[in-house]
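Engineer: Take a look at this one; I'll ask things after.
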Amino acid sequence: MSIAALCSDRVLLNDWHVVADLTNLSAAEPFQTRLLGVDITIHCRGRYNKEVVRNDTGALVNSTKRYGFLWACLGTPERDIVFVPEAEEGDRYLVTGGSIAVKVSGLRAVENFLDMGHFPFVHTGWLGDEPHTEVAPYKVELTAADELVATECKFYQPVASPTAKEGFIVDYVYKVIRPYTVALYKSNPVHKARLDVITLFVQPVDEDNCVAHPFLCYLKDGVDQAGIRNFMQLIFAQDKPILENQVPRRLPLDPRAETPIRADAVAVLYRRWLRDKSVTYGAIPARM
Amino acid sequence: MLDLAKTRWHPIAAGYDLPLRHVFHGQLLGREFAVWRADDGYVNIWENRCLHRGVRLSIGINDGRELKCQYHGWRYSNRTAGCTYIPAHPADAPARTITNRTFAAVERYGLVWSAEEPQGEVPEIPGLAEGELLALRGIPVNAPADVVAARLKGYRFQPNAALDGKDAKVAVEASNDFTVALRAVEGGAATLAAFFVQPVDSNRSVIRGVLDGKVEGAARLAVLRHHNELLSALRVAVEAEAAHKPAPAPLEPVIERVSPELAEMPEETKHGRKATIRVQVARKWPAADGIAGFELRPIKGLLPTFQPGAHIDVHLPNGLIRQYSITNGPGESDSYVIGVKLERDSKGGSTCLHETVREGDVLAISEPRNNFPLRRDAVQTLFIAGGIGITPLLAMAQALKNQSLAHELHYFAQNEAQLAFPEKTSTLGASLKPHLGLSPDQTGAMLREILSGYGPDKHVYLCGPGPMLEAARHIAAEMGWPETAVHFEYFKNTNVIDDSTSFEVALARSCMTLTVPAGKTILEVMRDAGIDMPSSCEQGACGTCLATVIEGEPDHQDVYLNDAERKSGTKIMTCVSRAKSARLVLDL
């Protein structure tokens, strides 16, 4: 692996990040990965005990298991792992959606996750279909908990989920929880009043690379776990080649770097929120 | 070295790299290009990123007229690289200034040439005759261009007619940092080879060779193989040499920032009734009985990007200003084509264009404005044109045809001779539905038939004489078409304007309160106060001078707004409409 820039953003160093899907770890072979530019090795000591070690210093890194993932914090944890309340509900499957490596900044991956406008073009026939391309106005706000929430998002989708039999207008809510963590809530095709939840934990491998770890909390009615995982991987495989063709790979925070439109209201606020938090890792800071 | 390299022309592709509807990924001095040839032959060299989210345009779709980004379907026009459509906002016209960065393109010696900041011309190689050449396969080399060029001076090869020989004398005819011309002679056979080294990046190059003389068939393959083997060997040697030296840092081309007004949610640019563009009448012809076609070409540079439904102001030699819709299809960006009907009650506009303006004349025109934008998210779109009302709808129908979106163009006229632009309408095939010689009653019945069967996601666009538009709007409403699905454009406002009232206008953002006296319009009073407000027809038909009403009750006298927009009381056409309340507050 090449030498990567190290991170100096305290908000990222002192936070928890997913470094592996537990099902990908094997006792027979240590697992190599990278977090915030630091190469790390995951060792399985016995069935339940995992150790994360820095390759450069050999120091042990804080780690813990949750939601089927192994989490690590390079610094001193300042807050707990993101709480997903839907993971406590008994009538949902909790599925990890496969760890997908993408050669782009994780911040670009988060922004793509927040974007409805690309559905008809990138997820043609599934999450959108030409000519149904309009992104209707929606609401975006910063909550008291310092999360970004986009509500009243609506989009016509031909096959919105593994159980959908026909196209319908899907209601979405998006929530940016942390710089590299984003969730979406979409109407369940069977229980129209309830929402399926996908939380995307993005592992900032380095500034130009990430691994997306989707965590899906889907209502059990009418679906199975393999179907949910399959659908997620199908969708993500469609995003990956587009994301890997974004130039530059890091997310530019300068308002004049790219051209936002009204449909991008949530992305505009996300970039501003990152600026305000002084997140620079994976970003190109705004020029003053 | 880099500064010099930037001013030089370099080959970035071979002509055969740009086959029909392909997008080629090129690179020069670290900067990536999306290179594509439109169906009209024009070679576009653009910065390889969509202005929206930076996605490479080299993975986009070349539809022959426009390049469509894979991420959000934004469309960019042939030639100008201006954005013509943003699918996420189908009801809006994109800001005119969303234009990708373009680079100069020249085709010479079977190669496509470009430059970052070109000075002078493409290198001239004496003895290389255009058209009688054989372009070799480009050979990529991981080494700086000057190292490659230096090595090429020692390149030894056989003339085309003596490939089996071994003793050709090779002489350097010309050379510089990026170009080496060599002549190989053996016996009576001689071949001139020019090698141009494309500096892809600081440590990457492509050797692009061209041989004089055409070679065909098996001999051609033998020549190509001969050079391929020799150049591949040269490549191995150069890369071995370069590997001994520290690799220079990759170049980091500067990506320009977008304009400040694009950095936030785009707003309409402010410009008055200005005619900044000079065009020449390249062609004037009878487009139909009583209708003259005009092809307007720019005196210099490129015409601005237009969108279907857009119109231009034409400033006539007699001082009058008239609006005409652009009839062009997508990507037809080298000229604007307009159609002008000779009006029986002409006040001098159409008479002047028909009788006075000739081919070769220069006219002043405004930038295109689009107040009649075309949605492209309908499952079916109906166009209903009456007479010369065909012009904006013709541009729209061609755009939908190009994208294979379902549409019908119903064209009402007195007789076949009055159907304008047959060369354009004939390309629409079965979607063109002419209705000839119908009486007003028959027209009404036909409109009823056309407008029956409203369904969700259907849209209708109307343009034609006032009475026909009134009838069509009325019938559409009866047939259950919601106002949001009925789009129309009047030629002119035939309402009798009552300008006898006097009222106050407060401009919220400018912090100004103005008094509009009887006999003056809001627009005129604002202009007098130094507010630069765009306008075009100035009779309440075109929609350019639209303003948002924050408070007060407008007295609508235009024909641009639909009934729902009128009732909402939130919009006003400042060129003709006034106030029923004593005070209006506008968001200006």
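Engineer: How big is the B/A interface in buried accessible area, both sides summed, 1.4 Å probe, to the nearest 100 Å²? Could you put the intermediate results ahead of the total?
Structural biologist: Values: alone 25950 and 13700 Å², together 36190 Å².
Rounded to the nearest hundred, the buried surface is 3500 Å².
Engineer: Let me ask another. Expressed as a fraction of 2.2 N^0.38 Å, the rule-of-thumb size for a compact globular protein of N residues, what is the C-alpha radius of gyration of the range B:325-384? Mind showing how you got there, number by number?
Structural biologist: Numbers: Rg = 15.3 Å, N = 60, 2.2 N^0.38 = 10.4 Å.
Here the answer is 1.47, to two decimals.
Engineer: Now, a different point. Provide the packing ranking of A:138-151, B:564-577, i.e. peptides ordered by the mean count of other C-beta atoms within 10 Å per residue, highest first. Don't skip to the answer; put the middle values down first.
Structural biologist: Working: A:138-151: 14.4, B:564-577: 19.8.
Final packing ranking: B:564-577, A:138-151.
Engineer: So what are the radius of gyration and Dmax for the Cα set of the range B:380-490, in Å?
Structural biologist: Considering the range B:380-490 through its Cα atoms, Rg and Dmax are 12.9, 36 Å.
Engineer: Simple spin-label model, 7 Å along Cα-to-Cβ: B:Lys166 to A:Arg54 in nm?
Structural biologist: 6.5 nm
Engineer: Same structure, new question: What residue among A:Pro85, A:Pro162, A:Pro204 has the largest mean-square fluctuation in a Gaussian network model of chain A, using Cα springs under 10 Å?
Structural biologist: A:Pro85
Engineer: Still on this model: Using a 1.4 Å probe, how large is the accessible area of A:Arg272, given in Å² and rounded to the nearest 10?
Structural biologist: Estimated to the nearest 10 Å², A:Arg272 gives 90 Å².
Engineer: Dipole magnitude of the protein assembly as shown about its Cα centre, charges +1 at Lys/Arg Cβ and -1 at Asp/Glu Cβ only, in debye to the nearest 20? Write out the running numbers ahead of the final one.
Structural biologist: Numbers: 94 positive and 106 negative charges, 238 e Å.
Once rounded to the nearest 20, the dipole reads 1140 debye.
Engineer: Excluding B:Ala477 itself, calculate the net charge of residues whose Cβ lies under 15 Å from the Cβ of B:Ala477, where each Lys or Arg counts +1 and each Asp or Glu counts -1.
Structural biologist: Working: positive: B:Arg448, B:Lys458, B:Arg473, B:Arg566, B:Lys567; negative: B:Glu470, B:Glu478, B:Glu483, B:Asp563, B:Glu565.
Value of the local net charge: 0.
Engineer: If packing is taken as the average number of other Cβ atoms within 10 Å across a peptide's residues, how do A:240-251, A:101-112 rank, most packed first?
Structural biologist: On the way: A:240-251: 19.6, A:101-112: 23.4.
Peptide ranking by packing, descending: A:101-112, A:240-251.
Engineer: Averaging the inverse of every distinct alpha carbon separation and then flipping it gives the Kirkwood radius. What is it for the range B:1-122, in angstrom units? List each step's numbers first, then the result.
Structural biologist: Numbers: mean 1/r = 0.0680 Å⁻¹.
For the range B:1-122, inverting the mean 1/r across all distinct Cα pairs yields 14.7 Å.
Engineer: For chain B, what is the accessible area per residue in Å² when the probe is 1.4 Å? Present the calculation step by step, with values, prior to reporting the outcome.
Structural biologist: Details: 24210 Å² over 588 residues.
Result: 41 Å² per residue.
Engineer: How long are the semi-axes of the equivalent ellipsoid of chain B, defined as square roots of 5 times the Cα gyration tensor eigenvalues? Whole Å, largest first.
Structural biologist: Working: eigenvalues 648, 145, 89 Å².
Three semi-axes, in Å: 57, 27, 21.
Engineer: Measure up B:Lys401/B:Lys458; A:Lys165/A:Lys186; B:Lys492/B:Lys571; A:Lys139/A:Lys165 against 21 Å on the Cα-Cα distance and list the ones that go over. Please report the intermediate quantities before stating the final value.
Structural biologist: Details: B:Lys401/B:Lys458 16 Å; A:Lys165/A:Lys186 16 Å; B:Lys492/B:Lys571 19 Å; A:Lys139/A:Lys165 29 Å.
Those over the limit are A:Lys139/A:Lys165.
Engineer: Here's a follow-up. How much accessible area does B:Arg37 have with a 1.4 Å probe, in Å² rounded to the nearest 10?
Structural biologist: 60 Å²
Engineer: Run the 1.4 Å probe and let me know the accessible area of A:Thr23, rounded to the nearest 10 Å².
Structural biologist: Per-residue accessible area (A:Thr23): approximately 110 Å².
Engineer: Got a number for carbon plus sulfur as a percent of chain B's accessible area, 1.4 Å probe?
Structural biologist: Values: 12450 of 24210 Å².
Summing carbon and sulfur atoms, their accessible area is 51 percent of the total for chain B.
Engineer: Going out from 0 in 10 Å bins, what whole percent of all Cα-Cα distances in the range B:503-586 drops into each bin?
Structural biologist: Percent of Cα pairs in each bin: 19, 58, 22, 0.
Engineer: By accessible area of protein heavy atoms, probe 1.4 Å, what ranking do B:Glu229, B:Glu553 get, highest first? It would help to have the intermediate numbers written out before the result.
Structural biologist: Details: B:Glu229 120, B:Glu553 95 Å².
Largest to smallest exposure gives the sequence B:Glu229, B:Glu553.
Engineer: While we're on this one: With +1 on the Cβ of every Lys and Arg and -1 on the Cβ of every Asp and Glu, and nothing else charged, how large is the dipole of chain A about its Cα centre, in debye rounded to the nearest 20? Don't jump to the answer; show the numbers that get you there.
Structural biologist: On the way: 32 positive and 36 negative charges, 73 e Å.
Value, rounded to 20: 360 debye.
Engineer: Could you order B:Ile550, B:Ile326, B:Ile497 by accessible surface area, starting with the largest, using a probe radius of 1.4 Å?
Structural biologist: Details: B:Ile550 95, B:Ile326 0, B:Ile497 70 Å².
My answer, sorted largest first, is B:Ile550, B:Ile497, B:Ile326.
Engineer: Taking Cα pairs under 8 Å and at least six residues apart, what relative contact order does chain B come out at, in percent? Before the final figure, lay out each step's value.
Structural biologist: On the way: 1324 pairs, mean separation 56.4, N = 588.
It comes to 10 percent, rounded to a whole number.
Engineer: Can I get the semi-axes of the range B:123-253's equivalent ellipsoid? Compute them from the C-alpha gyration tensor as square roots of 5 times the eigenvalues, in angstrom, largest first.
Structural biologist: Numbers: eigenvalues 141, 45, 35 Å².
With the √(5λ) rule applied to the range B:123-253, the semi-axes are 27, 15, 13 Å.
Engineer: So, one more: Take peptides B:79-86, A:215-222, B:198-205 and line them up by average Cβ neighbours within 10 Å, highest first, as a rough protection proxy.
Structural biologist: Values: B:79-86: 24.5, A:215-222: 20.1, B:198-205: 22.9.
For the peptides B:79-86, A:215-222, B:198-205, the packing ranking is B:79-86, B:198-205, A:215-222.
Engineer: What is the angle, in °, between the Cα long axis of helix B:466-478 and the longest principal axis of the Cα atoms in chain B? Nearest 10 is fine, range 0 to 90.
Structural biologist: Roughly 90 degrees between the two axes.
Engineer: Taking only C-alpha pairs under 8 Å that are 6+ residues apart, what is the relative contact order of chain A in percent?
Structural biologist: Numbers: 596 pairs, mean separation 60.0, N = 288.
Across chain A, relative contact order equals 21 percent.
Engineer: Residue farthest toward the positive end of the dipole of the protein assembly as shown, with Cβ of Lys/Arg at +1 and Asp/Glu at -1: which of B:Thr484, B:Ile531, B:Asn78?
Structural biologist: Result: B:Asn78, furthest along the dipole toward the positive end.
Engineer: While we're looking at this one, here's another question. Calculate the mean, over all residues of peptide B:46-55, of how many other protein chain Cβ atoms lie within 10 angstrom of the residue's Cβ.
Structural biologist: On the way: counts 0, 1, 2, 5, 5, 3, 7, 16, 11, 8.
Whole-number average of other-chain Cβ neighbours for B:46-55 is 6.
Engineer: Taking each residue of B:567-575 in turn, how many C-beta atoms of other protein chains fall within 10 Å of its C-beta, and what is the average?
Structural biologist: Numbers: counts 0, 0, 0, 0, 0, 0, 0, 0, 0.
Whole-number average of other-chain Cβ neighbours for B:567-575 is 0.
Engineer: Next question. Per DSSP helix of 4 or more residues, -39500 (n - 2.57); summed, then divided by the residues of chain B. What does that give at 222 nm, rounded to the nearest 500? Let's see the in-between values first.
Structural biologist: Numbers: 10 runs with 100 residues, N = 588.
Helix-only estimate at 222 nm: -5000 deg cm²/dmol.
Engineer: Compute the length gained on full extension between A:Ala101 and A:Arg47: take 0.36 nm times their separation in residues and subtract their Cα-Cα distance, giving the result in nm to one decimal.
Structural biologist: Working: separation 54, 0.36 × 54 = 19.44 nm, distance 2.61 nm.
Net length gain for the segment: 16.8 nm.
Engineer: Within the range A:60-74, find all residues whose amide N lies under 18 Å from a label point positioned 7 Å from the Cα of A:Gln225 along Cα-to-beta-carbon.
Structural biologist: Flagged as within label range: A:65-70.
Engineer: Set Lys and Arg Cβ to +1 and Asp and Glu Cβ to -1, take the dipole of chain B about its Cα centre, and tell me which of B:Gly41, B:Gly30, B:Phe157 lies farthest positive.
Structural biologist: Highest projection toward the positive end goes to B:Phe157.
Engineer: While we're here: For chain A, what Kirkwood radius comes out of the mean inverse Cα-Cα distance, in Å? Please list the in-between numbers first.
Structural biologist: Numbers: mean 1/r = 0.0511 Å⁻¹.
Evaluated on chain A, it is 19.6 Å.
Engineer: Let me ask something additional. Scaled to the compact-protein estimate 2.2 N^0.38 Å, what is the alpha-carbon radius of gyration of the range B:276-366, rounded to two decimal places?
Structural biologist: On the way: Rg = 12.2 Å, N = 91, 2.2 N^0.38 = 12.2 Å.
Cα-based Rg divided by the globular estimate yields 1.00.
Engineer: About the Cα centre of the range B:1-122, what is the dipole size in debye to 20, counting +1 per Lys and Arg Cβ and -1 per Asp and Glu Cβ, all else neutral?
Structural biologist: On the way: 15 positive and 13 negative charges, 54 e Å.
Value, rounded to 20: 260 debye.
Engineer: Counting pairs of alpha carbon atoms under 8 Å apart in space and at least six apart in sequence, what relative contact order in percent does the range B:5-81 give? Could you put the intermediate results ahead of the total?
Structural biologist: Working: 142 pairs, mean separation 16.8, N = 77.
So the answer I get is 22 percent.
Engineer: Given a cut-off of 51 Å, what percent of all Cα-Cα pairs of the protein assembly as shown lie beyond it?
Structural biologist: 31 percent
Engineer: Separate question: If DNA, RNA and ligands are ignored and the probe is 1.4 Å, what is the ranking of A:Glu134, A:Glu166 by accessible area, most exposed first? Please report the intermediate quantities before stating the final value.
Structural biologist: Numbers: A:Glu134 75, A:Glu166 130 Å².
In descending accessible area the options line up as A:Glu166, A:Glu134.
Engineer: OK, next. Within 10 Å of each Cβ in peptide B:71-77, how many partner chain Cβ atoms are there on average? Round it to a whole number, please.
Structural biologist: Numbers: counts 11, 14, 8, 4, 0, 0, 0.
Other-chain Cβ atoms within 10 Å of each residue's Cβ, averaged: 5.
Engineer: Which net charge results for the neighbourhood of B:Gly464, defined as the other residues with beta-carbon distances under 15 angstrom from its beta-carbon, given Lys and Arg at +1 and Asp and Glu at -1? Mind dumping the intermediate values first?
Structural biologist: Details: positive: B:Lys341, B:Lys433, B:Arg473, B:Lys492; negative: B:Glu343, B:Glu470, B:Glu489.
Its environment carries a net charge of +1.
Engineer: Could you give the accessible area per residue of chain A, probe 1.4 Å, as a whole number in Å²? Please list the in-between numbers first.
Structural biologist: Values: 11990 Å² over 288 residues.
Heavy-atom SASA per residue in chain A reads 42 Å².
The values are calculated or read from the model by the stated rules, or taken from the named source; none is laboratory data. This is a predicted model, so every value here is computed, not measured. Because the Cβ atoms are built from the backbone with ideal geometry, glycine has one as well, and the counts that use them run over all protein chains shown. Accessible surface areas use protein heavy atoms only, side chains included; no ligands, DNA or RNA. Shrake-Rupley method; radii C 1.70, N 1.55, O 1.52, S 1.80 Å.
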